[in-house]
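The values are calculated or read from the model by the stated rules, or taken from the named source; none is laboratory data. Computed from a predicted model, the values in this text were never measured in an experiment. Cβ placement follows ideal geometry from the backbone for every residue including glycine, while neighbour counts extend to all protein chains displayed.
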Amino acid sequence: MPIPEDTSPKITSLPEVAATALSTLSQRWQDPQTFLGLPSGFPALDDLLCGFRRKTVTILCGPPGVGKTAFVTAIVMRNCAWQTLNENQRILMLPLEMGAESWLMRIVSAIVRVPQADLERGLPTKRLDLTEARLQAIESDQLKGLWREVQAAFELMAGWPVDIWTASDCNTFLLHELLEEKKQQGIDYPLVILDYVEQLSDVGETEGSTAKVDFIVTRLTNFAQQYNTAILAIWPMTKEGMKTARPRFSSLRQSAMPLYSADTILMMSSPQLHDMRMGDTDVAQLPPKIRVDIRVDKARISGGSLGTASLWFYPPVGVYQDLQPLTRFEIQRYKDFILHIEEEEEGGDEE
């Protein structure tokens, strides 16, 4: 089925574009802490991104095991915990690689600090202490209390403003239909997370053609603009793109990365993980805590690197944390985001 024609204006006068750009710039000058889109929840990254801006596509890439899915899951968890969305806003999650139920188990694992595999087999024997970053044995008399925590985690998630793709197949045509349907229902998606691009069935038909993959990502860019949303899409790196501990654009091209179809590229890397991947060490022997760097690049600007954000990653339970504990001011900054958006909307109505 063909994608319906985009009826949005193809051209806009310079004064109109200038007014929008000036308004955005004015926000940052008045308050450099202002988010220009839904935040990630990690200050080190949001200071570079200013949040995931609407009408843009961000590609998140990195080697296997660096925690790409865990990271986008943490973004969902922090936005839900700090209630950064208003009544008609929701996050759309497409866990195409692992499926909806497995993704929810990933969240529960992060909340109760028990490895996902242990939870799913019903015999958890260890728990991660984030303070010391080590696994501790679970005594049999502690299991009942742990089960109550698992139930509480599911009760907590029941109130989250998140929609999850559960169909067995997904392609850009079906995604377009869903976004159009939700738009008609008055649902606003400030952020759509695609985990990951290669799992789209129409990408699978491209037979590795970089040009065709670029075309698919261009479609996603059109969706972001047409539905006023930010799309965060995961793209895996091939072995050819993992030869250096800190990937660069030249490395990403070897992974058939759609570099210039996106607006922003987030490149995840961990020298510690890279050394183990490239060596003979079993990745299962990774320590329970590793440092992950996220380099932020503006994809369409030469020399457009904005900087690097560093976080702690706990592979056994898929948890991401800031290098330093968040201050009360930083947490309040996220909680104030929804108030800032509501005030803008009220001001717009008065005009």
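A compact table of results
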quantity: Cβ-Cβ under 6 Å pairs, at least 6 apart or on other chains, region 315-327 side touching a residue at least 12 places away in the same chain (Cβ under 8 Å), far side aliphatic (A, V, I, L, M) and in a loop (DSSP other than H, G, I, E, B); calculated: PRO315/LEU286
quantity: Selection count where residues are charged (D, E, K, R) and surrounded by 13 or more Cβ atoms within 10 Å (Cβ to Cβ), scope region 146-190; calculated: 7
quantity: Filtered residues of region 122-147 (kept if of a type outside the set (Gly, Ala, Ser) and either part of a loop (DSSP other than H, G, I, E, B) or closer than 28 Å to ILE193 by Cα (or both)); calculated: LEU123, PRO124, THR125, LEU128, LEU130, THR131, GLU132, ILE138, GLU139
quantity: Failed item in (1) in a helix (DSSP H, G or I); (2) at pLDDT 90 or above; (3) in contact with a helix residue (DSSP H, G or I) (Cβ under 7 Å, 6 or more places away or on another chain), with ASP202 passing the rest; calculated: (2)
quantity: Region 54-65, residues that are surrounded by 19 or more Cβ atoms within 10 Å (Cβ to Cβ) and not polar (S, T, N, Q); calculated: ARG54, VAL57, ILE59, LEU60, CYS61, GLY62, PRO63
quantity: Count - residues of region 296-308 that are within 15 Å of CYS61 (Cβ to Cβ) and at pLDDT 85 or above; calculated: 3
quantity: Pick from region 1-21, criterion exposed (fewer than 10 other Cβ atoms within 10 Å of the Cβ) and farther than 30 Å from ASP202 by Cα, ranking: modelled with the highest pLDDT; calculated: LEU14
quantity: ILE107 being modelled with pLDDT of 90 or more and either in contact with an Asp or Glu (Cβ under 7 Å, 6 or more places away or on another chain) or farther than 27 Å from ASP214 by Cα (or both); calculated: yes
quantity: Residue list for region 27-79, filter: modelled with pLDDT under 90, in a loop (DSSP other than H, G, I, E, B) and among the polar types (S, T, N, Q); calculated: GLN33, THR34
quantity: Residue that is farthest from ILE331 (Cα to Cα), among those in region 104-136 that are of a type in the set (Lys, Arg), crowded, with 17+ Cβ neighbours inside 10 Å and in contact with a Lys or Arg (Cβ under 9 Å, 6 or more places away or on another chain); calculated: ARG127
quantity: Scan of region 83-103 for residues that are surrounded by 19 or more Cβ atoms within 10 Å (Cβ to Cβ) and part of a helix (DSSP H, G or I), ordered by number; calculated: TRP103
quantity: Only listed residue being touching a residue at least 24 places away in the same chain (Cβ under 8 Å) and out of contact with any Lys or Arg (no Cβ under 6 Å at 6 or more places or on another chain), chosen from TRP160, TRP147; calculated: TRP160
quantity: Count - residues of region 214-254 that are modelled with pLDDT under 80, surrounded by fewer than 18 Cβ atoms within 10 Å (Cβ to Cβ) and hydroxyl-bearing (Ser, Thr, Tyr); calculated: 3
quantity: Long-range neighbours under 6 Å by Cβ, at least six apart or interchain, first residue on the phi < 0 side of the Ramachandran plot and surrounded by fewer than 23 Cβ atoms within 10 Å (Cβ to Cβ) within region 66-82, second of a type in the set (Lys, Arg) and assigned to a helix (DSSP H, G or I); calculated: TRP82/LYS335
quantity: Residue in region 161-182 that is farthest from TRP82 (Cα to Cα), counting only those that are in contact with a strand residue (DSSP E or B) (Cβ under 8 Å, 6 or more places away or on another chain) and assigned to a loop (DSSP other than H, G, I, E, B); calculated: CYS170
quantity: Unmet criterion (only one of (1) free of Cβ contacts under 8 Å to residues at least 12 places away in the same chain; (2) more than 18 Å from GLN116 (Cα to Cα); (3) not polar (S, T, N, Q)) for GLY186; calculated: (1)
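Okay, residues lined up against (1) surrounded by fewer than 18 Cβ atoms within 10 Å (Cβ to Cβ); (2) modelled with pLDDT of 85 or more:
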residue: ALA256; (1), (2): no, no
residue: ALA262; (1), (2): no, no
residue: LEU266; (1), (2): no, yes
residue: ASP275; (1), (2): yes, no
residue: MET278; (1), (2): yes, no
residue: THR281; (1), (2): yes, no
residue: ALA284; (1), (2): yes, no
residue: PRO287; (1), (2): yes, no
